Amino acid sequence: MIRVNENYQKLKASYLFADIAKRVAAWQTANPAHKLIRMGIGDVTEPLPPACVAAFHAGVDEMAARETFKGYGPEQGYAFLRELIAQHDFKARGAHVEADEIFVSDSSKCDVGNIQELFANDIRVAIPDPVYPVYVDSNVMAGRTGASTDNRYDGLVYLESTRANGYVPALPTQPVDLIYLCFPNNPTGATATHEQLKAWVDYARANKALIVFDAAYVAFLRDPKLPQSIYEIPGARECAIEFRSFSKNAGFTGTRCAFIVVPKELKVWDNAGGEHSVHALWNRRHTTKFNGVSYPVQKAAAAVYTPEGQAQVKALTDFYLENARLVRTAFETRGLHCVGGVNAPYIWVNVGRDSWEFFDLLLNQAGVVCTPGAGFGRCGQGYVRFSAFNSRANVEEALARVVKLL
Ligand SMILES: *Cc1c(COP(=O)(O)O)cnc(C)c1O
(Lines give C-alpha, C1' and ligand atoms only; values in the text may rest on other atoms or scores of the structure.)
Protein backbone atom coordinates (compact mmCIF):
# COMPACT_ATOMS: atom_id res chain seq x y z
CA MET A 1 0.00 0.00 0.00
CA ILE A 2 1.43 3.33 -1.02
CA ARG A 3 1.21 5.59 2.02
CA VAL A 4 1.06 9.34 2.19
CA ASN A 5 3.74 11.60 3.69
CA GLU A 6 1.86 12.47 6.89
CA ASN A 7 3.65 15.81 7.12
CA TYR A 8 1.57 17.02 4.19
CA GLN A 9 -1.52 16.46 6.33
CA LYS A 10 -0.23 19.11 8.72
CA LEU A 11 -0.12 21.86 6.09
CA LYS A 12 -2.94 24.25 6.56
CA ALA A 13 -4.66 24.71 3.26
CA SER A 14 -3.60 27.99 1.70
CA TYR A 15 -6.79 29.73 2.73
CA LEU A 16 -5.34 33.13 1.89
CA PHE A 17 -5.25 33.08 -1.89
CA ALA A 18 -8.18 30.68 -2.23
CA ASP A 19 -10.24 32.93 0.03
CA ILE A 20 -9.29 36.03 -1.91
CA ALA A 21 -10.17 34.34 -5.20
CA LYS A 22 -13.57 33.25 -3.85
CA ARG A 23 -14.51 36.71 -2.60
CA VAL A 24 -13.28 38.36 -5.81
CA ALA A 25 -15.24 35.93 -7.99
CA ALA A 26 -18.41 36.60 -5.97
CA TRP A 27 -17.92 40.37 -6.34
CA GLN A 28 -17.38 40.09 -10.09
CA THR A 29 -20.54 38.03 -10.52
CA ALA A 30 -22.49 40.65 -8.59
CA ASN A 31 -20.86 43.60 -10.41
CA PRO A 32 -20.31 42.43 -14.00
CA ALA A 33 -20.03 45.96 -15.42
CA HIS A 34 -17.54 47.22 -12.83
CA LYS A 35 -13.77 47.09 -13.46
CA LEU A 36 -11.82 45.26 -10.76
CA ILE A 37 -8.29 46.48 -9.95
CA ARG A 38 -5.89 44.04 -8.35
CA MET A 39 -3.44 45.78 -6.04
CA GLY A 40 -2.41 42.67 -4.15
CA ILE A 41 -0.43 40.74 -6.73
CA GLY A 42 3.23 39.84 -6.22
CA ASP A 43 3.89 39.50 -9.94
CA VAL A 44 5.41 42.01 -12.34
CA THR A 45 3.32 43.60 -15.09
CA GLU A 46 5.82 45.29 -17.44
CA PRO A 47 7.54 43.49 -20.35
CA LEU A 48 11.16 42.26 -20.32
CA PRO A 49 13.96 44.85 -20.75
CA PRO A 50 14.83 45.17 -24.48
CA ALA A 51 18.47 44.14 -23.81
CA CYS A 52 17.21 40.84 -22.34
CA VAL A 53 14.78 40.28 -25.22
CA ALA A 54 17.58 40.78 -27.81
CA ALA A 55 19.90 38.36 -25.96
CA PHE A 56 17.03 35.86 -25.54
CA HIS A 57 16.38 35.94 -29.34
CA ALA A 58 20.11 35.58 -30.07
CA GLY A 59 20.25 32.58 -27.75
CA VAL A 60 17.36 30.92 -29.58
CA ASP A 61 19.10 31.54 -32.93
CA GLU A 62 22.23 29.81 -31.58
CA MET A 63 20.13 26.80 -30.66
CA ALA A 64 18.81 26.72 -34.24
CA ALA A 65 22.24 26.25 -35.89
CA ARG A 66 24.34 23.06 -35.74
CA GLU A 67 27.58 25.00 -35.07
CA THR A 68 26.21 26.80 -32.03
CA PHE A 69 23.56 24.37 -30.78
CA LYS A 70 23.83 23.39 -27.10
CA GLY A 71 22.54 20.37 -25.24
CA TYR A 72 22.86 20.03 -21.48
CA GLY A 73 24.86 22.85 -19.95
CA PRO A 74 26.62 22.86 -16.59
CA GLU A 75 24.04 22.22 -13.84
CA GLN A 76 25.48 25.13 -11.85
CA GLY A 77 24.99 27.56 -14.74
CA TYR A 78 27.20 28.79 -17.58
CA ALA A 79 30.46 30.45 -16.52
CA PHE A 80 29.60 33.57 -18.54
CA LEU A 81 26.61 34.23 -16.27
CA ARG A 82 28.20 33.17 -12.97
CA GLU A 83 31.19 35.45 -13.61
CA LEU A 84 28.99 38.45 -14.41
CA ILE A 85 26.96 37.87 -11.25
CA ALA A 86 30.04 37.59 -9.02
CA GLN A 87 31.54 40.73 -10.53
CA HIS A 88 28.52 43.04 -10.68
CA ASP A 89 26.32 41.95 -7.78
CA PHE A 90 29.08 41.30 -5.24
CA LYS A 91 32.70 42.25 -6.00
CA ALA A 92 31.68 45.69 -7.30
CA ARG A 93 30.12 46.31 -3.87
CA GLY A 94 33.13 45.08 -1.94
CA ALA A 95 31.52 41.73 -1.10
CA HIS A 96 33.70 38.68 -1.61
CA VAL A 97 31.85 36.12 -3.75
CA GLU A 98 33.52 33.91 -6.38
CA ALA A 99 31.84 32.70 -9.57
CA ASP A 100 32.08 29.06 -8.46
CA GLU A 101 30.10 29.88 -5.32
CA ILE A 102 27.08 30.80 -7.46
CA PHE A 103 24.50 28.19 -8.44
CA VAL A 104 22.12 29.30 -11.18
CA SER A 105 18.61 27.86 -11.02
CA ASP A 106 15.18 28.46 -12.47
CA SER A 107 13.66 29.75 -9.26
CA SER A 108 14.33 31.33 -5.91
CA LYS A 109 11.10 29.77 -4.67
CA CYS A 110 12.53 26.32 -5.41
CA ASP A 111 15.96 27.19 -3.96
CA VAL A 112 14.46 28.60 -0.76
CA GLY A 113 12.19 25.56 -0.47
CA ASN A 114 14.95 23.05 -1.24
CA ILE A 115 17.78 24.35 0.94
CA GLN A 116 16.34 22.88 4.15
CA GLU A 117 16.92 19.32 2.95
CA LEU A 118 20.68 19.68 3.64
CA PHE A 119 20.01 19.99 7.36
CA ALA A 120 19.05 17.59 10.13
CA ASN A 121 15.40 17.09 10.93
CA ASP A 122 15.71 18.07 14.59
CA ILE A 123 17.26 21.51 14.05
CA ARG A 124 15.43 24.51 15.48
CA VAL A 125 14.01 26.73 12.76
CA ALA A 126 13.35 30.48 13.13
CA ILE A 127 10.67 31.89 10.84
CA PRO A 128 9.69 35.55 10.46
CA ASP A 129 6.10 36.59 11.14
CA PRO A 130 4.70 37.88 8.78
CA VAL A 131 6.37 35.57 6.26
CA TYR A 132 6.73 34.46 2.62
CA PRO A 133 4.93 31.08 3.08
CA VAL A 134 7.57 28.92 1.32
CA TYR A 135 9.95 29.11 4.31
CA VAL A 136 7.32 27.64 6.62
CA ASP A 137 5.66 25.10 4.34
CA SER A 138 8.92 23.52 3.14
CA ASN A 139 9.86 22.82 6.77
CA VAL A 140 6.39 21.46 7.53
CA MET A 141 6.67 19.09 4.54
CA ALA A 142 10.06 17.95 5.84
CA GLY A 143 8.57 17.07 9.22
CA ARG A 144 10.22 19.77 11.34
CA THR A 145 6.96 20.90 12.94
CA GLY A 146 3.98 19.63 14.83
CA ALA A 147 0.43 20.65 14.14
CA SER A 148 -0.75 24.18 13.42
CA THR A 149 -2.93 25.97 15.93
CA ASP A 150 -4.00 29.57 15.69
CA ASN A 151 -1.86 30.30 12.63
CA ARG A 152 1.35 28.89 14.18
CA TYR A 153 3.09 25.52 13.95
CA ASP A 154 4.37 23.77 17.05
CA GLY A 155 8.13 23.48 16.96
CA LEU A 156 8.91 26.64 14.99
CA VAL A 157 10.37 29.77 16.59
CA TYR A 158 8.55 32.83 15.27
CA LEU A 159 10.49 36.07 14.76
CA GLU A 160 7.96 38.85 15.13
CA SER A 161 8.19 41.87 12.83
CA THR A 162 6.12 44.63 14.37
CA ARG A 163 5.84 48.38 14.42
CA ALA A 164 7.70 48.33 17.76
CA ASN A 165 10.84 46.79 16.26
CA GLY A 166 10.62 48.63 12.94
CA TYR A 167 9.64 45.35 11.23
CA VAL A 168 13.13 43.90 11.74
CA PRO A 169 12.90 41.00 14.21
CA ALA A 170 14.96 40.97 17.39
CA LEU A 171 17.39 38.13 18.06
CA PRO A 172 15.61 35.06 19.47
CA THR A 173 15.60 34.46 23.21
CA GLN A 174 15.73 30.70 22.69
CA PRO A 175 18.44 28.95 20.63
CA VAL A 176 17.83 28.47 16.89
CA ASP A 177 19.91 26.81 14.17
CA LEU A 178 18.34 27.84 10.85
CA ILE A 179 17.19 31.45 10.41
CA TYR A 180 15.14 32.81 7.52
CA LEU A 181 15.52 36.53 6.77
CA CYS A 182 14.21 38.52 3.80
CA PHE A 183 15.20 42.15 3.08
CA PRO A 184 13.79 44.19 1.41
CA ASN A 185 10.92 42.23 2.90
CA ASN A 186 7.93 40.53 1.35
CA PRO A 187 5.25 41.27 2.61
CA THR A 188 6.19 44.34 4.71
CA GLY A 189 8.57 46.18 2.36
CA ALA A 190 10.83 46.86 5.37
CA THR A 191 14.61 47.03 4.95
CA ALA A 192 17.44 46.13 7.34
CA THR A 193 20.46 48.31 8.07
CA HIS A 194 24.07 47.18 8.18
CA GLU A 195 23.95 47.18 12.02
CA GLN A 196 20.73 45.12 12.10
CA LEU A 197 22.15 42.48 9.74
CA LYS A 198 25.42 42.48 11.65
CA ALA A 199 23.55 41.54 14.84
CA TRP A 200 22.13 38.49 13.04
CA VAL A 201 25.48 37.54 11.49
CA ASP A 202 27.20 37.80 14.88
CA TYR A 203 24.43 35.70 16.46
CA ALA A 204 24.71 33.04 13.77
CA ARG A 205 28.50 32.80 14.06
CA ALA A 206 28.39 32.62 17.85
CA ASN A 207 25.73 29.87 17.77
CA LYS A 208 26.91 27.89 14.72
CA ALA A 209 23.58 28.77 13.13
CA LEU A 210 22.91 29.38 9.44
CA ILE A 211 21.07 32.32 7.87
CA VAL A 212 18.98 31.90 4.73
CA PHE A 213 19.00 35.44 3.32
CA ASP A 214 16.34 36.08 0.67
CA ALA A 215 17.34 39.16 -1.35
CA ALA A 216 14.74 38.87 -4.12
CA TYR A 217 13.95 42.61 -3.93
CA VAL A 218 17.47 44.03 -3.73
CA ALA A 219 17.03 45.91 -7.05
CA PHE A 220 14.53 48.21 -5.33
CA LEU A 221 17.05 49.53 -2.80
CA ARG A 222 17.79 53.21 -3.45
CA ASP A 223 19.21 54.28 -0.08
CA PRO A 224 23.00 53.95 -0.58
CA LYS A 225 23.53 53.31 3.15
CA LEU A 226 21.52 50.06 3.09
CA PRO A 227 23.44 46.84 2.44
CA GLN A 228 22.53 45.09 -0.84
CA SER A 229 24.06 41.76 0.09
CA ILE A 230 24.53 40.00 3.40
CA TYR A 231 28.16 39.47 2.33
CA GLU A 232 28.75 43.18 2.90
CA ILE A 233 28.64 42.20 6.60
CA PRO A 234 31.98 40.86 7.90
CA GLY A 235 31.74 37.18 8.81
CA ALA A 236 28.65 36.47 6.69
CA ARG A 237 30.62 34.07 4.49
CA GLU A 238 30.81 31.74 7.50
CA CYS A 239 27.09 31.72 8.26
CA ALA A 240 24.86 32.83 5.38
CA ILE A 241 23.44 31.67 2.07
CA GLU A 242 22.01 34.40 -0.15
CA PHE A 243 19.11 33.90 -2.57
CA ARG A 244 18.60 36.13 -5.60
CA SER A 245 16.29 36.09 -8.56
CA PHE A 246 15.85 37.84 -11.90
CA SER A 247 12.07 37.76 -11.32
CA LYS A 248 11.61 41.12 -9.66
CA ASN A 249 14.51 43.16 -11.09
CA ALA A 250 14.24 42.21 -14.78
CA GLY A 251 10.67 40.89 -14.76
CA PHE A 252 11.65 37.22 -15.26
CA THR A 253 8.65 35.78 -13.35
CA GLY A 254 7.50 34.10 -16.58
CA THR A 255 11.02 33.56 -17.98
CA ARG A 256 12.57 31.89 -14.87
CA CYS A 257 16.12 32.46 -13.69
CA ALA A 258 17.58 32.83 -10.19
CA PHE A 259 20.71 31.92 -8.24
CA ILE A 260 22.03 31.23 -4.78
CA VAL A 261 25.42 32.02 -3.26
CA VAL A 262 26.99 29.31 -1.11
CA PRO A 263 30.37 30.48 0.21
CA LYS A 264 33.10 27.86 0.54
CA GLU A 265 33.62 28.74 4.24
CA LEU A 266 30.11 27.65 5.18
CA LYS A 267 30.01 24.58 7.44
CA VAL A 268 27.47 22.20 8.95
CA TRP A 269 28.24 19.71 11.69
CA ASP A 270 27.41 16.01 12.10
CA ASN A 271 26.44 14.26 15.35
CA ALA A 272 30.08 13.50 16.11
CA GLY A 273 31.02 17.17 15.66
CA GLY A 274 32.65 16.60 12.26
CA GLU A 275 32.54 19.51 9.79
CA HIS A 276 30.97 19.36 6.35
CA SER A 277 31.05 21.89 3.52
CA VAL A 278 27.61 23.28 2.66
CA HIS A 279 28.97 24.17 -0.79
CA ALA A 280 29.86 20.51 -1.43
CA LEU A 281 26.49 19.32 -0.14
CA TRP A 282 24.51 21.81 -2.23
CA ASN A 283 26.61 20.98 -5.29
CA ARG A 284 25.74 17.31 -4.76
CA ARG A 285 22.03 18.08 -4.38
CA HIS A 286 21.91 20.54 -7.28
CA THR A 287 23.72 18.26 -9.74
CA THR A 288 21.61 15.28 -8.70
CA LYS A 289 18.21 16.92 -8.87
CA PHE A 290 18.63 19.77 -11.37
CA ASN A 291 19.82 19.89 -14.97
CA GLY A 292 20.48 23.56 -15.53
CA VAL A 293 18.58 26.58 -16.80
CA SER A 294 17.83 26.88 -20.51
CA TYR A 295 20.68 28.47 -22.48
CA PRO A 296 18.64 31.31 -24.06
CA VAL A 297 17.30 32.21 -20.61
CA GLN A 298 20.82 32.41 -19.18
CA LYS A 299 21.81 34.60 -22.15
CA ALA A 300 18.83 36.85 -21.40
CA ALA A 301 19.82 37.01 -17.71
CA ALA A 302 23.42 37.89 -18.60
CA ALA A 303 22.12 40.88 -20.58
CA VAL A 304 20.96 42.39 -17.28
CA TYR A 305 24.64 43.16 -16.62
CA THR A 306 25.28 45.09 -19.85
CA PRO A 307 25.19 48.91 -19.57
CA GLU A 308 21.85 48.96 -21.46
CA GLY A 309 20.48 46.16 -19.29
CA GLN A 310 21.47 47.97 -16.10
CA ALA A 311 19.82 51.19 -17.29
CA GLN A 312 16.65 49.34 -18.34
CA VAL A 313 16.37 47.46 -15.02
CA LYS A 314 16.85 50.76 -13.20
CA ALA A 315 14.06 52.35 -15.27
CA LEU A 316 11.77 49.37 -14.66
CA THR A 317 12.28 49.35 -10.89
CA ASP A 318 12.04 53.18 -10.81
CA PHE A 319 8.65 52.86 -12.48
CA TYR A 320 7.36 50.44 -9.83
CA LEU A 321 8.90 52.53 -7.06
CA GLU A 322 6.95 55.56 -8.27
CA ASN A 323 3.77 53.44 -8.07
CA ALA A 324 4.81 52.48 -4.54
CA ARG A 325 5.37 56.11 -3.59
CA LEU A 326 1.90 57.06 -4.83
CA VAL A 327 0.31 54.26 -2.79
CA ARG A 328 2.23 55.04 0.38
CA THR A 329 1.58 58.78 0.10
CA ALA A 330 -2.15 58.22 -0.40
CA PHE A 331 -2.46 56.26 2.83
CA GLU A 332 0.04 58.23 4.87
CA THR A 333 -1.53 61.60 4.11
CA ARG A 334 -4.79 60.15 5.42
CA GLY A 335 -3.19 59.23 8.72
CA LEU A 336 -2.55 55.52 8.23
CA HIS A 337 0.81 54.15 9.37
CA CYS A 338 2.77 52.53 6.50
CA VAL A 339 6.08 50.78 6.04
CA GLY A 340 7.76 49.85 2.73
CA GLY A 341 7.11 51.48 -0.61
CA VAL A 342 10.55 53.08 -0.50
CA ASN A 343 13.40 50.67 -1.30
CA ALA A 344 10.70 48.00 -1.85
CA PRO A 345 7.71 47.35 -4.12
CA TYR A 346 5.34 46.48 -1.26
CA ILE A 347 3.49 48.82 1.07
CA TRP A 348 2.37 47.40 4.41
CA VAL A 349 -0.49 49.52 5.70
CA ASN A 350 -1.80 49.47 9.25
CA VAL A 351 -5.54 49.78 8.63
CA GLY A 352 -6.54 50.00 12.29
CA ARG A 353 -9.05 47.19 12.02
CA ASP A 354 -9.29 43.52 11.05
CA SER A 355 -7.35 42.76 7.83
CA TRP A 356 -10.23 40.90 6.20
CA GLU A 357 -12.77 43.54 7.18
CA PHE A 358 -10.65 46.16 5.35
CA PHE A 359 -10.16 43.79 2.41
CA ASP A 360 -13.96 43.39 2.12
CA LEU A 361 -14.51 47.13 2.39
CA LEU A 362 -12.10 47.85 -0.47
CA LEU A 363 -13.49 45.07 -2.62
CA ASN A 364 -17.16 45.84 -2.05
CA GLN A 365 -17.04 49.63 -2.03
CA ALA A 366 -14.18 50.29 -4.48
CA GLY A 367 -13.64 47.15 -6.55
CA VAL A 368 -10.00 47.12 -5.41
CA VAL A 369 -8.17 43.98 -4.25
CA CYS A 370 -5.41 44.08 -1.63
CA THR A 371 -3.84 41.23 0.36
CA PRO A 372 -5.00 40.82 3.98
CA GLY A 373 -1.92 40.92 6.20
CA ALA A 374 -3.34 38.26 8.53
CA GLY A 375 -2.76 35.74 5.72
CA PHE A 376 1.02 36.15 6.15
CA GLY A 377 1.04 35.38 9.87
CA ARG A 378 -0.30 36.44 13.22
CA CYS A 379 1.67 39.72 13.20
CA GLY A 380 -0.04 40.67 9.92
CA GLN A 381 -3.40 41.10 11.63
CA GLY A 382 -4.54 44.71 11.27
CA TYR A 383 -2.46 45.23 8.13
CA VAL A 384 -2.92 44.83 4.40
CA ARG A 385 -0.26 44.56 1.70
CA PHE A 386 -0.41 46.67 -1.44
CA SER A 387 1.78 45.79 -4.40
CA ALA A 388 3.38 48.37 -6.70
CA PHE A 389 3.45 45.87 -9.58
CA ASN A 390 0.82 47.45 -11.82
CA SER A 391 0.28 49.96 -14.59
CA ARG A 392 0.31 53.62 -13.56
CA ALA A 393 -3.26 54.02 -14.79
CA ASN A 394 -4.45 51.16 -12.55
CA VAL A 395 -2.61 52.54 -9.52
CA GLU A 396 -4.08 56.01 -10.02
CA GLU A 397 -7.61 54.75 -10.54
CA ALA A 398 -7.39 52.36 -7.57
CA LEU A 399 -6.14 55.11 -5.27
CA ALA A 400 -8.80 57.55 -6.45
CA ARG A 401 -11.46 55.00 -5.53
CA VAL A 402 -9.86 53.95 -2.24
CA VAL A 403 -9.17 57.39 -0.73
CA LYS A 404 -12.88 58.18 -0.84
CA LEU A 405 -13.40 55.41 1.70
CA LEU A 406 -10.74 56.54 4.17
C1 LIG B 1 9.12 36.74 -5.79
C2 LIG B 1 9.94 36.22 -4.67
C3 LIG B 1 11.02 35.36 -4.90
C4 LIG B 1 11.43 34.99 -6.33
O5 LIG B 1 10.97 33.76 -6.68
P6 LIG B 1 11.24 33.14 -8.12
O7 LIG B 1 10.87 31.70 -7.92
O8 LIG B 1 12.68 33.31 -8.47
O9 LIG B 1 10.35 33.83 -9.10
C10 LIG B 1 11.77 34.92 -3.83
N11 LIG B 1 11.48 35.30 -2.57
C12 LIG B 1 10.46 36.14 -2.31
C13 LIG B 1 10.22 36.57 -0.92
C14 LIG B 1 9.65 36.61 -3.35
O15 LIG B 1 8.64 37.43 -3.08
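The table below lists the values:
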| read-out | value |
| --- | --- |
| Qualifying position, being over 14 Å from Lys248 (Cα atoms), assigned to a loop (DSSP other than H, G, I, E, B) and more than 11 Å from the ligand (Cβ to nearest atom), among Val201, Val176 | Val176 |
| Qualifying residue in region 101-108 (condition: crowded, with 19+ Cβ neighbours inside 10 Å, aromatic (Phe, Trp, Tyr), within 16 Å of the ligand (Cβ to nearest atom) and at pLDDT 95 or above) | yes |
| Residue satisfying all of: in region 45-79; among the β-branched types (Val, Ile, Thr) and in contact with a Pro (Cβ under 9 Å, 6 or more places away or on another chain); nearest to Ser107 (Cα to Cα) among these | Val53 |
| Selected residue [of a type in the set (Asp, Glu) and within 16 Å of the ligand (Cβ to nearest atom)] from Glu232, Glu238, Glu242, Glu265 | Glu242 |
| Cβ pairs under 8 Å, 6+ apart, first in region 201-225 and among the β-branched types (Val, Ile, Thr), second outside any loop (DSSP other than H, G, I, E, B) and more than 16 Å from the ligand (Cβ to nearest atom) | Val201/Ala236; Ile211/Trp200; Ile211/Val201; Ile211/Ala204; Ile211/Ala236; Val212/Leu178 |
| Flag if Asp111 is assigned by TED's automatic domain parsing to the domain that holds Arg237 and either within 15 Å of the ligand (Cβ to nearest atom) or more than 22 Å from Gly375 (Cα to Cα) (or both) | yes |
| Ser148 vs. criteria more than 17 Å from the chain's Cα centre (by Cα) and of a type outside the set (Val, Ile, Thr) | yes |
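The values are calculated or read from the model by the stated rules, or taken from the named source; none is laboratory data. Only a predicted model underlies this, so the values are computations on that prediction, with no experimental measurement involved. Every residue, glycine among them, receives a Cβ derived from its backbone with ideal geometry; neighbour counts consider all protein chains shown.
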